[in-house]
2 protein chains.
Amino acid sequence: METLSSTLQAISDPTRRAIIDRLTRGPARVTDVAAPFAMSLAAVSKHVRVLEKAGLVRRTRQGREHTLALEAAPLREVASWAARYEQYWTERLDRLEAYFANRRPPR
Amino acid sequence: METLSSTLQAISDPTRRAIIDRLTRGPARVTDVAAPFAMSLAAVSKHVRVLEKAGLVRRTRQGREHTLALEAAPLREVASWAARYEQYWTERLDRLEAYFANRRPPR
DNA sequence: CAGATGTTTAACCGTGCGGTTGAATATTGT
DNA sequence: ACAATATTCAACCGCACGGTTAAACATCTG
């Protein structure tokens, strides 16, 4: 997929966000990644596949072990999409200010 | 709700992102918001409710008309969550550089 | 080879999603 | 009062999600 929708859908699950976070501490096997979670390995395996299909995780098979690595690039799109609305969450603090900011660009 | 998970789940749908975008051009009624979409009004009404429950849209009823306004605050959490991984998508461009950056903080 | 280890696959389950249609509920305007 | 307008509600549909368990597959090791 690799679309913004699939990226957002992938990271909307807390388990998958935790997996992403885990992979910032370096590559890890599926079993290692699964260890902290109170769910079956098969369930984590599914989560990993969702992340993989969304392009957020890269898998390299070496023997029976699958090593997972974070591929953070799609998160850049998420950040830049959210950043579009920065003025709306800052200016929302003062409603009138936001109104005039839209009438005439700020700064 | 108002959690990161519910925010992400809400914005993972392209129709709902389009609604958010529409509301940056100012408040609008449900019917106005629904106009561009090739789906029933009831479907859009559901989308609006998802956004409302996620705290992304504020509704003010005036007579039979419901006026919707963007409430962008939850998007700030999304942006800051994604920003955590900035180093991983920038440094990932040069794998070795990322490795040393983790061994010893960059800059 | 046999057994342990790492991982996925398959079938299933309950639940929620995104959509529909049709009816109900409010409110406005003539 | 009546009809039009704005919106939601309810029931339904197909499908995907997040989880389970049991089996299969692949690889390593004694």
If you put a point 7 Å past Cα along the Cβ direction, how far is that point for A:THR67 from the same point in each other copy, in nm, smallest first? 5.9
Leaving ligands, DNA and RNA out of it, work out the accessible area of A:VAL50 with a 1.4 Å probe and give it in Å² to the nearest 10. 50
Can you give the charge dipole size of the range A:1-88 about its Cα centre, rounded to the nearest 20 debye, using +1 on the beta carbon of Lys and Arg and -1 on the beta carbon of Asp and Glu? 280
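Going by average Cβ density within 10 Å per residue, which order do the peptides B:80-86, A:67-73 take, highest to lowest? Mind dumping the intermediate values first?
Numbers: B:80-86: 17.3, A:67-73: 19.9.
Highest to lowest by the protection proxy: A:67-73, B:80-86.
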Under 5 Å between amide H atoms, partner at least 5 residues away or on a different chain: which partners does A:ALA54 have, H built in plane at 1.01 Å? none
To the nearest Å², the heavy-atom accessible area per residue of the range A:1-77 with 1.4 Å probe amounts to 52
Teacher prompt: B:THR15 distances to equivalent labels in other copies, 7 Å Cα→Cβ, nm: 2.8
Note, the range A:21-34: 3J(HN,Hα) by Karplus (6.51, -1.76, 1.60, θ = phi - 60°), whole Hz, Gly/Pro = x, goes 4, 4, 6, 6, 8, x, x, 7, 7, 4, 4, 4, 4, 6
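Dividing the Cα convex hull volume of the range A:1-55 by residue count, how many Å³ per residue is that? If you can, show how the numbers build up before the last one.
Values: hull volume 3.9 nm³, N = 55.
In the range A:1-55, the Cα hull volume divided by residue count equals 71 Å³.
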Could you order B:THR7, B:THR31 so the one with the most accessible surface comes first? Probe is 1.4 Å. B:THR31, B:THR7
For the range B:18-90, max minus min Cα coordinate along each principal axis, in Å, sorted largest first? 49, 25, 21
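The values are calculated or read from the model by the stated rules, or taken from the named source; none is laboratory data. Just so it is clear, the structure is predicted and the values come from calculations on it, not from any experiment. FYI the Cβ positions are ideal-geometry reconstructions off the backbone, even for glycines, and counts take in every protein chain you see. For the accessible areas, the whole protein counts, side chains as well, though only heavy atoms, and no ligand, DNA or RNA atoms are used. Shrake-Rupley method; radii C 1.70, N 1.55, O 1.52, S 1.80 Å.
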